[in-house]
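Encoded as structure tokens, the structure appears first; notes follow it.
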Amino acid sequence: IRERKGGPEEGTALGGGGSMTTLHVKNFLETIRGRDKLNCPIEEGAVSTHLCHYANISYREGNKLLAIDAATGRFCDKKVMKKYWSRDYEKGWRPDEV
């Protein structure tokens, strides 16, 4: 299903992100500029995003059931935590080096 370009629901096509990313960024920037309110509270967006990441990590771990600490949102399994809850940095850009 595709909505008409320029219509009230432009970018809400089912089956892919399409211009939804553009609409999210536009809403965020308009909120910063004081012209709009966020369409989704930041906390709610973070939970939604984390759920997608958890599902992807579970898949990468062989569809393993992963326990999540409700207070921190982090994995209870320390091996999984160490493997996925970090990122690689270029030399000189690690937070402890800046």
* Under 5 Å, built H, 5+ apart or other chain: amide partners of Ile68 -> Cys76
* Convex hull (Cα only) mean projected area of the range 41-98, reported in nm² to one decimal -> 5.3 nm²
* **Label-point gap, in nm, between Asp69 and Val25 - each point 7 angstrom along Cα→Cβ** => 3.4 nm
* To do: Kindly provide the chymotrypsin sites (Phe, Trp or Tyr not before Pro) of the range 16-98 that DSSP labels as loop, not H, G, I, E or B, and whose Cβ sees at most 14 other Cβ atoms within 10 Å.
  => Trp85, Tyr89, Trp93
* To do: Just grab the label-to-label distance for Ser86 and Asn39, each label 7 Å out from Cα along the Cβ direction, in nm (one decimal).
  => 3.6 nm
* Asked: Given a Förster distance of 30 angstrom, what is the FRET efficiency for Ile57 paired with Ile32, based on the Cβ-Cβ distance and rounded to 0.05?
  -> 0.45
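FYI, it's all coordinate maths here, none of it is from the lab. As the structure is a prediction and not an experimental result, all values here were calculated from the model. Positions of Cβ are backbone-derived with ideal geometry, glycine not excepted, and every protein chain shown enters the neighbour counts.
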